[in-house]
Amino acid sequence: FPYIIPLLRDYAAGNLQYNETITSLIASLFRKLDKYKDHNVSRDSCFDLLKQINPAEPPNPLLVNQELQLPNNNERVKLEQKIYDLTVPPNFQSQENNRIEYENLVCYCIDSPEAHEIDDAVSITKLGASKYRLYIHVADPASLFPESMDTNITSQSPVLDIAYQRAFTTYLPDKVFPMLPVSFARKSDLGAFGKPTRAMTFSIECELSQNGNIRLLNDSLKIELSIVHKSKRTTYDKVDSVLGKKSESVQSQEQQDLFSLFKIAKALRKKRIQEGGAVVFENSSNGLVRLTTDDNSDLTVVSFEDQKESKSTILVSELMILANTIAASYFKEAKIPGIFRAYRKLNLVDEAASLYEWMETKTKNNEIFSQADITKIANFMTNSFYSSTSIPHSMIGSQQYLTVTSPLRRFPDMINHIQLHRHLRNLPLFYSQSDLDGMAWHIMTRDVTLKNASHKAQSFWTLKYLKDTIKDPSKNFWSIRVTHLPEDGYVRCVIKDKSFATGKLKLNLNQKPLLVGDTVSACRISRIECLDGNLEFELTPKSKTKRLTSQATKL
């Protein structure tokens, strides 16, 4: 029965679970098998049967979900990947004459050790006692496409069109699927010291005051096609070790540069909060999945790490936000069509509006949100989105925001780079406003799809870890945090140190009502389905509730 394996594979992947005919067929199959005849049709049970039939089946069926558009289960994408594997980036030597050479400027590429692509770097020069010029250098893959300079091109070339279809690099715990061909990314990578590399450089002068305020000198803004020669790769941990030293012990030029950059980054964040009303969260992601290989070299060993903000992440994120913000202003003033990033507040009333105001006030007072606070706030937050028109980004604290800092992994940034290339060369723009109005819908759809896929993958591996753990009943005790108000005898919750272990707790009707943000200890997992993301808890005699009071609780 050769159709059985792809049938089970597609059902487990989530491609068929809403098809009643297929579900009925699988149910009839289950009834003929002693081990499964009492099982309900679920994606977990399908995958379990699939593994029984075919032990060599890959450990994560989500990778063949059709919405992901990976080569595993999509003939069109397989063909596109062959094109990517065979393509060689062109060498446009004539472009070098139009570029600014930065031969002596050290460009610090700060990233994690396992980063697949180095697409940005930062530099600084001191102009006076409190005056500096900041440089944000961004990889320039747009220069490898004729769309950036050839006025005879009227439609996207095949490689660029494939990149548009993908829209973003896909990041999952067990899979990275690049937006651009590997050969293009390598040629554009900024991480090699002494290797002349094309870049697009955004620079601006600023002045720092004694009280930590910053003034950006907007008249000094430059956006240049450049060549950088001294890209120095380092890690967040190494930068944190430098910034953790006392200022009087700083000796080298690199250490002085990093201290100055961090001081400016703090001032930029303060400016965004105080003047733009930005809202900043710290240490808000716990229990992110990290996979390592087992004895069979399969990427299946689950561990967890927290995404913690540090001085180095503040330095990088604030300078990238600065580049995106000044690029957005430049696009708007020069009337260049681009793809913007935006955020609109929800239309809140009464207590909810008061909660949002409290959140903004707490941010302005530089107070750190607790996990209980973040849980409460999350119910009143929406998501940022892409737009072909300039709309304020209230979370960033800017009237317009346009991303340019990751063209290797985000197609909106690639679009904006191509537009800048043509603008800086005094050529007609490649994309019209009507072009981008249509393209924005595809980009938004892929953005939502890939975020959902990432969330499902994180949930799958987290729940798989929990399922393996509770095979030992003595380990089936978990502290959970309440995330929603009770409904129908259950309350939504999450395991405290694992952000993707979300489920629901069955309530004891004689118990004191639970509030959002409460923690309940020693809860037992009573049901778990990894692929559907179903996780249910029940109270045990050892369970105890702890209420964390805060201003948000009082509201």
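The values are calculated or read from the model by the stated rules, or taken from the named source; none is laboratory data. Worth saying up front: this structure is predicted, and the values here are computed from it rather than measured. Counting neighbours? That spans all protein chains shown, and the Cβs are built from the backbone with ideal geometry, glycine included. Please note that ligands, DNA and RNA were not included when accessible areas were found on the heavy atoms of the full protein model with its side chains. Shrake-Rupley method; radii C 1.70, N 1.55, O 1.52, S 1.80 Å.
A few remarks follow.
- Against the numbered list (1) under 24 Å from the mean Cα position of the chain (by Cα); (2) farther than 26 Å from Lys496 by Cα; (3) modelled with pLDDT under 90, Leu268 comes up short only at (3).
- With respect to the conditions (1) surrounded by fewer than 17 Cβ atoms within 10 Å (Cβ to Cβ); (2) at positive phi; (3) not acidic (Asp, Glu), Arg547 falls short on a single one, namely (2).
- Only a single item in (1) of a type in the set (Asp, Glu); (2) open to solvent by 50 Å² or more (accessible area, probe 1.4 Å); (3) not in a helix (DSSP H, G or I) is not met by Glu117, and it is number (2).
- Filtered residue count, region 451-480, keeping only those that are in contact with a Ser or Thr (Cβ under 6 Å, 6 or more places away or on another chain) and surrounded by 15 or more Cβ atoms within 10 Å (Cβ to Cβ): 1
- Residues in region 259-288 that are open to solvent by 40 Å² or more (accessible area, probe 1.4 Å) and part of a helix (DSSP H, G or I): 7 in all.
- Boolean, Gln165 is at pLDDT below 90 and open to solvent by 10 Å² or more (accessible area, probe 1.4 Å): no
- Test: residue in region 69-87 that is within 14 Å of Arg198 (Cα to Cα), at pLDDT below 95 and out of contact with any Phe, Trp or Tyr (no Cβ under 8 Å at 6 or more places or on another chain): no
- Looking only at region 211-237, and only at residues there that are outside any strand (DSSP E or B) and touching a residue at least 40 places away in the same chain (Cβ under 8 Å), the one that is nearest to Cys107 (Cα to Cα): Tyr236
- Out of His421, His442, one residue alone is in contact with a helix residue (DSSP H, G or I) (Cβ under 7 Å, 6 or more places away or on another chain), in a helix (DSSP H, G or I) and closer than 30 Å to Asp150 by Cβ. It is His421.
- Restricting attention to region 499-544, the residues that are on the phi > 0 side of the Ramachandran plot, over 32 Å from the mean Cα position of the chain (by Cα) and surrounded by 16 or more Cβ atoms within 10 Å (Cβ to Cβ) total 0.
- Looking across region 243-258 at every residue that is out of contact with any Leu (no Cβ under 7 Å at 6 or more places or on another chain) and part of a helix (DSSP H, G or I), the one that is nearest to Ala323 (Cα to Cα) is identified as Asp257.
- Residue count for region 55-91, restricted to those that are hydroxyl-bearing (Ser, Thr, Tyr) and not in a helix (DSSP H, G or I): 1
- Within region 39-64, residues that are among the polar types (S, T, N, Q) reach partners that are surrounded by 16 or more Cβ atoms within 10 Å (Cβ to Cβ) with beta carbons closer than 7 Å, at six or more positions or on different chains, in the pairs Ser42/Glu529; Ser42/Asp532; Ser45/Tyr36; Ser45/His39; Asn60/Asp174; Asn60/Phe460.
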